[in-house]
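The values are calculated or read from the model by the stated rules, or taken from the named source; none is laboratory data. Given the structure is predicted, the values throughout are model-derived calculations rather than measurements. Cβ atoms come from the backbone with ideal geometry, glycine included; neighbour counts cover every protein chain shown. To get the accessible areas, we keep the full protein, side chains included, count just its heavy atoms, and leave off ligands, DNA and RNA. Shrake-Rupley method; radii C 1.70, N 1.55, O 1.52, S 1.80 Å.
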Amino acid sequence: MKIKINQKKLSFLSLIILLPTIAWPHSCNAMLTLRKPTLPNFPYFPQHGIQQKFGRSHPPIHQYKHQLYKPHSQSVHTKVYFSPDRDEKHFKAIKHCIDNSTSSIKAALFIITDEPITQALCDAQKRGAKVELIVDKSSVKHSRPMLSTLKNSGVDVSLYDNIALNKAFMHHKFAVFDDKTVVSGSANWTHRARKENEENVIISKGKRLCQQFLEQFERIKKYTRQYKEPT
């Protein structure tokens, strides 16, 4: 199923992707909020509240900075896909973004095990797009065949390994294509997300929105190490 969102009529869309009990305060997750420009700004996660609940040993609040995105008349065109879907429209939409990328793909994923998506990323790298992938280090056991294929195709593959937060997950599922299109949502790029799971995939076009995801990608990359084949 596909839903087109009319930006002029949209008053509020909020997506929170969190793992119960373990996601906060440790994990990297995405919260996407779209509001009308006329709605007031508001503080999110007051610093004193985090320190009182979780203690001062955790990273400073700026590492979890919430950015309120305020769309304008030229900002965002959004499509939403839901699964399970026998036609796999949600994964076809992701692959379409990959296949039509010409300059860059930057993806931050908890895990990747889907073969067609992996091959599409390899093909994008071979035709000249610079493909960068970050996955969580805990997923390597299951992702290794895909990571090896990507690495051998020239894709820049990194593992999130934040020593300061050794119990943290990099739990994002987003990718930015050519700095102008963002794919996000609940779906890992896995066979089960393609075939079985209840998932959502959100595809948005907008330079301002993309810039915020790109900033997060670069921030996350500071806590990564290069993926290496086992010896």
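With respect to being modelled with pLDDT under 95 and open to solvent by less than 30 Å² (accessible area, probe 1.4 Å), PRO60 falls outside the description. Identify, from the list ALA129, ALA168, ALA120, the residue that is in contact with a His (Cβ under 8 Å, 6 or more places away or on another chain), on the phi < 0 side of the Ramachandran plot and among the aliphatic types (A, V, I, L, M). Sole residue among the options that is in contact with a His (Cβ under 8 Å, 6 or more places away or on another chain), on the phi < 0 side of the Ramachandran plot and among the aliphatic types (A, V, I, L, M): ALA168. Listed by position, the helices (runs of 4 or more DSSP H) enclosed by the stretch 133-231 that each have at least 3 residues that are aliphatic (A, V, I, L, M) are 140-152, 207-221. The condition of being touching a strand residue (DSSP E or B) at 6+ places or on another chain (Cβ under 9 Å), surrounded by 14 or more Cβ atoms within 10 Å (Cβ to Cβ), modelled with pLDDT under 95 and β-branched (Val, Ile, Thr) holds for only one of THR33, THR113, that being THR33.
The set of residues in the stretch 127-184 that are touching a helix residue (DSSP H, G or I) at 6+ places or on another chain (Cβ under 7 Å), of a type outside the set (A, V, I, L, M, F, W, C) and either farther than 13 Å from ARG225 by Cβ or open to solvent by 50 Å² or more (accessible area, probe 1.4 Å) (or both) comprises THR149, SER153, GLY154, ASP179, LYS180, THR181. The residues of the stretch 96-116 that are over 15 Å from the mean Cα position of the chain (by Cα) and either at positive phi or in a helix (DSSP H, G or I) (or both), listed by number, are HIS96, ASP99, GLU115, PRO116.
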